[in-house]
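The values are calculated or read from the model by the stated rules, or taken from the named source; none is laboratory data. Keep in mind it's a predicted model, so treat the numbers as computed, not measured. Quick reminder, even Gly has a Cβ in these numbers, built from the backbone with ideal geometry, and neighbours come from all protein chains shown. For the accessible areas, the whole protein counts, side chains as well, though only heavy atoms, and no ligand, DNA or RNA atoms are used. Shrake-Rupley method; radii C 1.70, N 1.55, O 1.52, S 1.80 Å.
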Amino acid sequence: MATLAKPNLPRFDVEIFQNEYLADGAREVNAIVTVTATGGGTSGGRPLGVADAAPGGGQSAAVVILVDCSGSMDYPSSKLRGAREATAAAIDTVRDGVAFAVVAGTHEAREVFPGDGTLAVASAQTRDLAKDSLRRLTAAGGTAMGTWLTKADQLFLTRPDIPIRHAILLTDGNNEHESAAELERVLDRVGGHFTADCRGVGTDWKVEELRRISSALLGTVDIVPEPSGLAEDFRSMMAGAMGKQVADVALRIWTPANAVVRYVKQVAPALEDLTDRRSEAGPRAGDYPTGSWGDESRDYHVCVEVPAAAVGNEMLAARVSLVLPPSIAGGTPEVLSQGLVKAVWTDDLASSTRISPQVAHYTGQAELAAAVQEGMEAHRAGDVHRATAKLGAAVRIAHATGNEGTYRLLQKVVDVVDPKEGTVRFRKNVSEADSMIVETRSTKTVRVKK
């Protein structure tokens, strides 16, 4: 474990959990990398890269709230009313000095506040003006989420001096007024510019669509079944955004000659495959984006393939570092913390066949998420037999790994006969909301109990 810290920056700690012993000729090395940031977020300090203010504290972050105002938001009218109340709650949570804007999203993207193509600076006065402007949120038109995200990107670009950039996107429907390819092009263009939390209200939206957006933008996705729950959810999301202290941190993995990174996945607090997001960072090194950090801890599963070696050999399989980009670190990348992944070849069968508890746990969590998603897909397709088998497997894994949250979610759609064996019966008259809750939250994991 290695630790580095500096004033106004969270302290980053890296811990490596693995079984470093391999059998003669084995090549695959697995490790869980736990990264913990403390001393930022709610612990105080100015976000890194933000200059001291000219009076008033300076802009430490920027947030854009994207509110679906398509025609369907008026059916029932409680959806748009709930969206206005939720946006007002989020605005109240924006701290002084933060740059912010509100955008109404339809088949177009219309700035509601401040409305001049820029970001306002939060104060008691601008928060009141922003809340007054919400009466201009009216329902009409279609849905083009890529257009909304493009508008958010344009607003963030008016303040390139602000390192922490976050969007909140609310919708009640499908992305009907642009193609999947058009949305994908937008995500490719704006990815890495800002993070985004996505929320679907009601049940007429697609989980996979919002998950694609939140995944590309390193945010979260969730369902709010009833409009009355929006305000508290928005308040919580904005509080989380206000707690971020440093942006654009990369997980850098260096490997020796003839070794290759097979995959890198975030495995807690939720599953996210980062493998394809690698950017080269010098000889035999690659950076994987992790987004913004406050006071929090996350786990990553790193799998490296190394050259086979004989018994008695040992090597450094990978060096894992948390790196601040040159744009924030002051011209050159800065290593915040570092850990080592090792490989030692042995003929001791007990040592080489022992699976690290952390690796085993998160392998199970990935299997759990896959079983839930495959089960819900089968249910939608009308294949009750396959759905029951997959969700039974999910119940068994959730029970075995102590994932009580997912276990309780599964009970919304199946009656559990024997959790240890995964014996279940699909419940009759499962609501669409319950099905979507299970599917949306299936990627949330539980950490290893210490």
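Does residue 212 satisfy being part of a helix (DSSP H, G or I), open to solvent by 50 Å² or more (accessible area, probe 1.4 Å) and within 21 Å of residue 85 (Cβ to Cβ)?
The answer is no for residue 212.
Only residues in region 268-287 that are more than 26 Å from residue 365 (Cα to Cα) count as the first member; pair them with residues that are of a type outside the set (A, V, I, L, M) and open to solvent by less than 40 Å² (accessible area, probe 1.4 Å), Cβ under 6 angstrom, at least 6 apart or cross-chain, and list the lot.
Close Cβ pairs satisfying both conditions: 279/287; 280/286; 281/287; 284/255.
With the requirement that a residue be within 11 Å of residue 201 (Cα to Cα) and either in a loop (DSSP other than H, G, I, E, B) or free of Cβ contacts under 8 Å to residues at least 60 places away in the same chain (or both), what does region 67-99 give you?
80
Conditions (1) farther than 29 Å from residue 267 by Cα; (2) basic (Lys, Arg); (3) touching a strand residue (DSSP E or B) at 6+ places or on another chain (Cβ under 6 Å); (4) open to solvent by 10 Å² or more (accessible area, probe 1.4 Å), marked per residue:
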site	(1), (2), (3), (4)
136	yes, yes, yes, yes
141	yes, no, no, yes
147	yes, no, yes, yes
160	yes, no, no, yes
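Working only within region 149-179, note down all residues that are over 23 Å from the mean Cα position of the chain (by Cα), more than 21 Å from residue 71 (Cβ to Cβ), modelled with pLDDT of 95 or more and among the charged types (D, E, K, R).
159
Please list, ordered by first then second residue, the pairs with beta carbon atoms under 6 Å, 6 or more apart or interchain, first in region 240-253 and within 12 Å of residue 37 (Cα to Cα), second crowded, with 23+ Cβ neighbours inside 10 Å and of a type in the set (Lys, Arg).
Going by the 6 Å Cβ cut-off, there are no qualifying pairs.
Answer yes or no: is there a residue in region 326-335 that is over 26 Å from residue 251 (Cβ atoms) and in contact (Cβ under 8 Å) with a residue 40 or more places away in the chain.
There is no residue in region 326-335 that is over 26 Å from residue 251 (Cβ atoms) and in contact (Cβ under 8 Å) with a residue 40 or more places away in the chain.
Inspect all residues belonging to region 399-412 and state whether any of them is assigned to a helix (DSSP H, G or I) and among the β-branched types (Val, Ile, Thr).
Looking for residues that are assigned to a helix (DSSP H, G or I) and among the β-branched types (Val, Ile, Thr), one finds at least one in region 399-412, hence yes.
Can you work out which of the residues in region 117-141 that are more than 27 Å from the chain's Cα centre (by Cα) and assigned to a loop (DSSP other than H, G, I, E, B) is nearest to residue 60 (Cα to Cα)?
It comes out as 123.
Against the definition (within 27 Å of residue 196 (Cα to Cα), surrounded by fewer than 17 Cβ atoms within 10 Å (Cβ to Cβ) and under 23 Å from the mean Cα position of the chain (by Cα)), how does residue 292 come out, yes or no?
The answer is no for residue 292.
Taking region 46-90, which residues are of a type in the set (Val, Ile, Thr) and at pLDDT 95 or above?
Answer for region 46-90, where residues must be of a type in the set (Val, Ile, Thr) and at pLDDT 95 or above: 63, 64, 65, 67, 87.
Go through (1) part of a helix (DSSP H, G or I); (2) closer than 30 Å to residue 16 by Cβ one by one and return the number of the condition residue 253 breaks.
Unmet for residue 253, out of (1) part of a helix (DSSP H, G or I); (2) closer than 30 Å to residue 16 by Cβ: (1).
One residue is enough: does region 295-303 have a residue meeting the conditions among the aromatic types (Phe, Trp, Tyr), assigned to a strand (DSSP E or B), over 30 Å from residue 441 (Cβ atoms) and in contact (Cβ under 8 Å) with a residue 60 or more places away in the chain?
no
If only one of 128, 74, 92, 68 is crowded, with 24+ Cβ neighbours inside 10 Å and among the charged types (D, E, K, R), which one is it?
It is 68.
If I ask for residues that are aliphatic (A, V, I, L, M) and under 19 Å from residue 357 (Cα atoms), which ones from region 372-405 would you list?
397, 398, 400
Quick check on this structure: which one of 370, 381 is more than 25 Å from the chain's Cα centre (by Cα), of a type in the set (A, V, I, L, M, F, W, C) and surrounded by fewer than 23 Cβ atoms within 10 Å (Cβ to Cβ)?
After ruling out the rest, the residue left standing is 381.
Restricting to region 100-118, name every residue that is without any contact (Cβ under 8 Å) to a residue 24 or more places away in the chain and among the hydrophobic types (A, V, I, L, M, F, W, C).
113
Filter region 310-334 down to residues that are over 28 Å from residue 196 (Cα atoms) and touching a Leu at 6+ places or on another chain (Cβ under 8 Å) and give me whichever is most open to solvent (accessible area, probe 1.4 Å).
By that ranking, first place goes to 319.
What are the residue pairs meeting all of these: first residue in region 343-356, first residue within 20 Å of residue 301 (Cβ to Cβ), second residue exposed (fewer than 11 other Cβ atoms within 10 Å of the Cβ) and of a type in the set (Val, Ile, Thr), Cβ atoms under 7 Å, and 6 or more apart or on different chains?
Pairs found: none.
Could you count how many residues in region 248-263 are closer than 24 Å to residue 358 by Cα, under 16 Å from the mean Cα position of the chain (by Cα) and of a type outside the set (Val, Ile, Thr)?
2
Across region 168-192, which residue is surrounded by the most Cβ atoms within 10 Å (Cβ to Cβ) among those that are part of a loop (DSSP other than H, G, I, E, B) and in contact with a Leu (Cβ under 7 Å, 6 or more places away or on another chain)?
Among them, the one singled out is 175.
Here is a list: 245, 266. Which entry is more than 13 Å from the chain's Cα centre (by Cα) and buried (at least 22 other Cβ atoms within 10 Å of the Cβ)?
Residue meeting the stated conditions: 245.
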